[in-house]
Amino acid sequence: MQDTPRLTFLYLAQNNAPQAMAWVKGGPDAPRLSGLVKFFETPYDGVLVEAEIFGLPNITTPGSSDFYAMHIHENGDCSHGFFDTGGHYNPGDMPHPAHAGDLLPLLGNQGYAWYAFYDKRFTVREIIGKSVVIHSMSDDFTSQPAGNSGRKIGCGVIRPV
């Protein structure tokens, strides 16, 4: 059987420590929210992102599924209700949703979300000290400059491991 990127990604996530992580904590609008976002360097000049989030706002709605925007923001400051995180990380000055910090949306199922994806728009080294922000709504992938994704309900600073 020939190795594929998927097998490499599985091996990285199961057997290697990430190069960076963000411990995400909820704010006043989602105090039960918490989780870990991991960033792994890959041999494909990109980054494997794995996130596991608990306590999303739809936790008390049986059978619920809701999308939440998740982005990398310019500043690693999660104080003051997450107001100091700045805009989306966008070193290429691209329109939304082509910012390097535009991540895939989270799909919360009764408050829980897990996903993993591969991204070549940033390196682990570039995002150290920035923040991962979870928003209250899904990203519409159209509105400028940030996708009309609602309030910031969770935040974590990306730190090296």
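The values are calculated or read from the model by the stated rules, or taken from the named source; none is laboratory data. Please read these numbers as outputs of a predicted model, since none were measured by experiment. All accessible areas refer to the heavy atoms of the entire protein, side chains included, with ligands and DNA or RNA removed. Shrake-Rupley method; radii C 1.70, N 1.55, O 1.52, S 1.80 Å.
Please tell me the relative contact order of the chain in percent, rounded to the nearest whole number, where contacts are Cα pairs under 8 Å and at least six residues apart. Over the chain, the number comes to 29 percent. Excluding ligands, DNA and RNA, the accessible surface per residue across the chain is 52 Å² with a 1.4 Å probe.
Once a ≥ b ≥ c are taken as the square roots of the eigenvalues of the Cα gyration tensor of the stretch 93-161, is the result rounded (a/c under 1.5), prolate (a/b larger than b/c) or oblate (a/b not larger than b/c)? Here the stretch 93-161 falls in the oblate category.
Let me know the shape class of the stretch 1-62, please: from the alpha-carbon gyration tensor, a ≥ b ≥ c as square roots of the eigenvalues, rounded when a/c is under 1.5, otherwise prolate if a/b is greater than b/c, or oblate. It comes out prolate by the Cα gyration axes.
The fraction of accessible area contributed by carbon and sulfur in the stretch 60-161 is 57 percent, rounded to a whole number (1.4 Å probe; ligands and nucleic acids excluded). Solvent-free Debye calculation, one equal scatterer per alpha-carbon of the stretch 2-161: log10 I(q)/I(0) at 0.09, 0.10, 0.14 Å⁻¹ equals -0.27, -0.33, -0.66. From helices alone, the chain scores -2500 deg cm²/dmol at 222 nm; the rule is -39500 (n - 2.57) for each run of n ≥ 4 DSSP H residues, then divide by the residue total.
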